[in-house]
Each structure stands twice: as structure tokens, then as C-alpha cells.
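Single-structure report; data block below.
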Amino acid sequence: MTSITLVQGDITLQSVDAIVNAANSTLLGGGGVDGAIHRRGGPAILAECKDLRAGRYKRGLPVGEAVATTAGDLDARWVIHTVGPVHSYDEDRSEFLISCYRESLRVADELGASTIAFPAISTGVYGWPMDDGARRAVDTVRSADTMMTEIRFVLFDPRAYRAFDKALNG
Ligand code: AR6
């Protein structure tokens with residue numbers, strides 16, 4: 001049985017097995033959640049990201065995929081980095097957004113995690129409309145076949161919280 005929970009706050013302060021990072025393909029950091037995770041998590045995360053870039057992901061982590069590293073100084077065992085799509089009104093990229101949630105859960109299951117925290121992927125710098133992003137996120141994790149006992153969405157501001165609450169509770 002998986003419970004889906006909502007928290008308004010900072011994802012870097014959560015105590016869970018896995019914290020999901022809304023990264024970019026370079027895996028080398030950025031702004032938003034990504035910047036916050038690397039800042040609070042310390043250099044161990046970036047060092048592992050660099051190793052991934054030197055090895056399996058020489059051309060970067062593709063959009064919609066997910067990969068885990070240590071969580072450094074965060075109160076978690078792993079950070080799962082996933083790359084959301086940049087929103088476009090010309091092209092439907094929602095499959096990539098759905099894939100970010102699915103692949104992150106798949107990686108978390110593989111690691112043996114049982115609790116996971118997600119940010120609202122793509123809804124910041126990547127411009128995804130919040131209501132739609134919330135609906136896709138909630139629908140995807142709800143229908144996922146996963147071993148997680150808790151899937152927590154950590155929403156930074158009240159507007160994001162309201163969108164996820166509407167998607168989850170109607
Ligand atoms: N905790 C929880 N949510 C947060 C936090 C936080 N500490 N900080 C921001 N948010 P974004 P994206 C919210 O821009 O749209 C980066 O530069 C934020 O309000 O972090 O997927 C990467 O390197 C928004 O609702 O990620 C990429 O280049 C949501 O998290 C690019 O941004 C996602 O915002 C990825 O863009």
C-alpha cells in the first residue's frame with residue numbers, strides 16, 4: 001500500500017530514502033531544486049555526477065530518464081536525478097514528464113528505497129504549467145506499480161501546493 005502525501009516546503013530538508021532532483025542533462029548542477037540539492041548536499045553528489053558523465057552518460061542524461069547518486073549531507077540515502085522536458089505549446093512533451101516520475105520510481109524500487117520525495121518536475125525554469133504538471137505527476141504515481149510505502153510531493157510555494165492538492169483530492 002502506497003500513501004501519497006503533500007508537504008509545502010523545501011525538498012532538501014526532507015527525511016526520506018530518496019530525494020528526486022529536477023536536474024538537467026549535464027548532471028552538473030543548475031538553479032532551482034538542483035542548485036538547492038547540490039548546495040545542501042555538498043560536493044559528494046557533484047563528484048558522483050561527474051563520474052556518471054565520464055562513464056555511462058558521456059552525452060548527458062536523456063530527458064525522461066533517471067539515475068541515482070549518493071545523497072551526500074542530505075538526510076536521505078540517495079538522490080535520484082531526472083531530467084524533465086522543457087514545456088512547449090508546439091509539441092506535446094508530456095510523455096517525457098510522465099517518464100520522469102515512472103523512471104524515478106523504478107530506480108527507487110531497484111535501490112530498495114521505500115520512501116521518496118518528488119519536487120514538481122519541470123514547473124520552474126522549464127516552464128510547465130503548474131496545474132497540468134500536478135495532474136500528470138499525481139496520475140502517474142497513482143497508477144505506478146511500485147514498492148514505495150510513501151510518495152511525498154514537496155511543493156515550494158502555496159500555489160504549487162494548491163495545484164497538487166486539487167490533483168490529489170479533487
Ligand atoms: N524544494 C522544493 N521545490 C523547489 C525548491 C526546493 N528547494 N526550489 C525550487 N522548487 P526547477 P525545472 C520548485 O526550476 O523546472 C535547474 O536549473 C520550483 O518552485 O527547480 O525542472 C536545473 O538544473 C518549481 O515548482 O526545475 C535545470 O536546468 C519546481 O521546484 C532546470 O532548472 C521545479 O523547478 C530544471 O527546471
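Which of the following residues is of a type in the set (A, V, I, L, M, F, W, C) and over 20 Å from Ala36 (Cα atoms): Leu74, Leu111?
One residue alone meets the criteria, Leu111.
Just to be sure before I move on: is Gly60 surrounded by fewer than 18 Cβ atoms within 10 Å (Cβ to Cβ) and closer than 30 Å to Asp92 by Cα in the structure I sent?
yes
With Gly112, Gly133, Gly124 as the choices, which residue is at positive phi and either away from the ligand (no atom under 16 Å from the Cβ) or at pLDDT 95 or above (or both)?
Answer to the check: Gly112.
Within segment 71-92, is there a residue that is small (Gly, Ala, Ser), at pLDDT 95 or above, touching a helix residue (DSSP H, G or I) at 6+ places or on another chain (Cβ under 7 Å) and under 16 Å from Thr12 (Cα atoms)?
Yes, segment 71-92 contains at least one residue that is small (Gly, Ala, Ser), at pLDDT 95 or above, touching a helix residue (DSSP H, G or I) at 6+ places or on another chain (Cβ under 7 Å) and under 16 Å from Thr12 (Cα atoms).
Given the conditions (1) within 9 Å of the ligand (Cβ to nearest atom); (2) buried (at least 18 other Cβ atoms within 10 Å of the Cβ), which single one is not true for Val16?
(1)
Enumerate the pairs (first residue in segment 17-35 and farther than 22 Å from Thr115 by Cβ and part of a helix (DSSP H, G or I); second residue anywhere and within 6 Å of the ligand (Cβ to nearest atom) and of a type in the set (A, V, I, L, M)) with beta-carbon separation below 9 Å, excluding pairs fewer than 6 apart on the same chain, so at least 6 apart or on different chains.
Taking only residues 6 or more apart or on different chains, the pairs are Gly32/Ala22; Gly32/Val125.
Looking at this structure, is Gly60 touching a Ser or Thr at 6+ places or on another chain (Cβ under 8 Å), assigned to a loop (DSSP other than H, G, I, E, B) and more than 15 Å from Val107 (Cα to Cα)?
So Gly60 passes the test.
The values are calculated or read from the model by the stated rules, or taken from the named source; none is laboratory data. These numbers were taken from a predicted model, which means no experiment stands behind them. Heads up, the Cβs are rebuilt from the backbone with ideal geometry, glycines too, and the neighbour counts pull from every protein chain shown.
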